[in-house]
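Values quoted throughout were computed directly from the atomic coordinates according to the rules given, and no laboratory measurement underlies them. Predicted model only: the values in this text are computed from it and were never measured. When we count neighbours, we look across all protein chains shown, and the Cβ atoms used for this are built from the backbone with ideal geometry, even at glycine.
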Amino acid sequence: MIDLLFAALGDIFTIKNLLLMMLGVTIGISVGILPGLGGTVGMSLVIPFIFDLRSEPESAIALMIGMAAVIHTADTFPSVLLGVPGSAGSQATIMDGYPMAKNGEATRALSAAFFSSMVGGVIGAFTLLMILPLARPIVLAFGPAELFMLAVLGLSIVAILAGKRPLRGLMAGGLGMLIGSIGSAPNESGVFRFDYGQPYLWDGIPLAVLALGLFALPEILDLLASGTSIAGEGADTRSSKGQAFRGLRDVAANKLLVLRSSVIGVVVGFIPGLGGSVVDWISYGFARQSVKDPEGFGRGDVRGVIAPESSNNAKEGGALIPTLLFSIPGSGTTAVLLSAFIILGIQPGRSMLEEDKQLSITVFIIATLAIANIFGTLACLSATGVVTKLANVRAARLAPFVLVVMLVGAYQSTKNWGDFIAFAVIGLLGWTMRKTDYPLPPLLIGYVLARSVERNLWLSLGVYDGWGFLTEPGAIVIGLITVALAIGGLRANKKTNEAAEQMRAELEGRPVPGESDGDAANVPVERGSMSALMFSIFIFFLFLYAGVESLGFAGRAQQYPRTVAFAAALIAGAEVLSYGRIALAGRRAGVSTAHPATPDPVLTGLRSIARYLLWLAGLYLAISLIGLVLAAVLFVIVFLAVEGELVWWRAVLAGIGVFVFLVSMEDIMSLRWPDSTFELIPSQLEDWLPEKIPGLNRLA
């Protein structure tokens, strides 16, 4: 094996393979920076280039693995700087990376993320090399019962991420699981749930649309309303170079956290269908529970960046295990990679470990994965100084570009107008949840794991003829880990909340809760309580409606959404009653639950973002009338001139840049933007436009 490894390193550092790997790294960084695209789009982009490399499979592999290795490094840029998930694997990074950017520590966050990603990627590749001979019996040992319990383990993270509101966290998780059940039922062919006759919903809400709407749109709206930059007023102005070295020191100081998170990434990654969209949340949850002094998590703790970034790159090594050994893709990226292997004449399977030629290719893949991680990290670090300056740009001058990129990312999901509508609706839902103190990550986790829970539950019930699968040794072990994780997470949250409340009480000069009896100051005060109460009541009736609606689904298609909806309705009812008890206690003590000095956050927030919602509505109207390309160009120009107070000629130059970007994306990546609904360009020009202005013919 050592001889093969040295031979693989020699092949990588040939001029042709090294250039192709660097090309893949460049493509991976470019795709990673653009929110919503991700590894599947990036891998699809390089597929056309490999047909001419079929006689040189190592060169084709260098290109593809170079792209795949760094995409989860580059997607950290939008997650930290914009609060926008660059891909499914960078969602948890937002929790602490974006607050660090707001505190003026964007370079430190990015540096820590890149170095931990590099270490995680190398650990993932090394683990893949070591575990390949042992992986076959391990993977085959995971049946539907173990996969179901692993999905439940992922859902247990909801208890950790729910913060001071466990019931609201569970409600958000239940809402995500219901959203995940929209579309065709996996266990009852021909049955579509909650689709209301809309073909767009037959395949469910796309993950990219949900993630972008849930996290990105609310943040952009609030940033616009604040009128400041991402870094805010009075940001830390320490040099980027000093912060970069500080990020490196953070990784070195938390080396055990990096190692533990990388192992989690490898383990979760090699389980097909589980890893890509949840591994960062699992590692984040483990980190928050296991580290000392977790009070800073969610408010700019660098450890909250290191943990998910270590795991999501290490996951790529784990995902290659089932791909190489069983032709079972461990993620969307490896699914496209599997197709590429077939094009190259490489047949994944046991032969990858037995035949000399195939084994050498396997080792070459692993070595390329490690080397590409190192090169990708250096490339991202070199770009950090320039990209970090985005955090100091006024929101009004950055938002139009971000909105266009988000719409592009959302539209790539199904290339349907429904992507735009779902993006806006989910964005408003996410904004309301933020204002009413509902955690967003549990909703995303519930959505990601919904299909896995339902599918593996039915398989387990069928294989074991009932609930006997819960007595399987593997299921018992995973179940015990789940219970321990949930209990530990709830206790950690309680300690964190008590410490935070004590600090607030001391800063506000009031008694610490629990130190005196009957004092009105010790009664819990719910700021913005009326909007939170009304939203909780709305969610309660939404769950009831979904439960009743699911009773009409045929056969087995009704059991999962019915169970989730009615269970979530009970939790929502408990939250409403609990809130009512707090409100009643406040009234008896003479304390208004709506703090007189704090206006209702939803009503106040709506007034502050109303004008920007009108801008978004105008952009949607323009897209429907003149198509995405011209609408985006006009939107950027007018918005920058009016809201960004930019001189017109600069706004026009920015609009031209957007036009070039969209046309290039359409032509290079074979994308198609939404057409206009009217014939705005004379038909006789249609033959001229494709040759003279590529991409503009979509408007004809």
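Give me the net charge of Ala145's neighbourhood, meaning all other residues with Cβ under 13 Å from the Cβ of Ala145; Lys, Arg count +1, Asp, Glu -1.
On the way: positive: Arg455; negative: Glu146, Asp465, Glu472.
Counting the neighbours of Ala145, the net charge comes to -2.
Ranked by Cβ crowding within 10 angstrom, fewest neighbours first, how are Trp673, Trp648 ordered? Walk me through the intermediate numbers first.
Details: Trp673 22, Trp648 11.
Least crowded to most crowded, the residues run Trp648, Trp673.
Taking other Cβ within 10 Å of each residue's Cβ, how do Val638, Val633, Val268, Val80 sort, fewest first? Can you show the working numbers first?
Details: Val638 19, Val633 23, Val268 26, Val80 35.
Ranked by crowding around the Cβ, least crowded first: Val638, Val633, Val268, Val80.
How much net charge surrounds Ile365 when only other residues with a Cβ under 12 Å from its Cβ are counted (Lys, Arg +1; Asp, Glu -1)?
Values: positive: none; negative: Asp11, Glu58, Glu316.
Taking every Cβ under 12 Å from that of Ile365, the sum is -3.
Grab the beta carbon distance between Lys415 and Leu653, set R0 = 41 Å, and tell me the FRET efficiency rounded to 0.05.
0.90
Can you give the net charge of the other residues whose Cβ lies under 14 Å from the Cβ of Glu316, counting K and R as +1 and D and E as -1?
On the way: positive: Lys315; negative: Asp75, Asp280, Glu309.
Value of the local net charge: -2.
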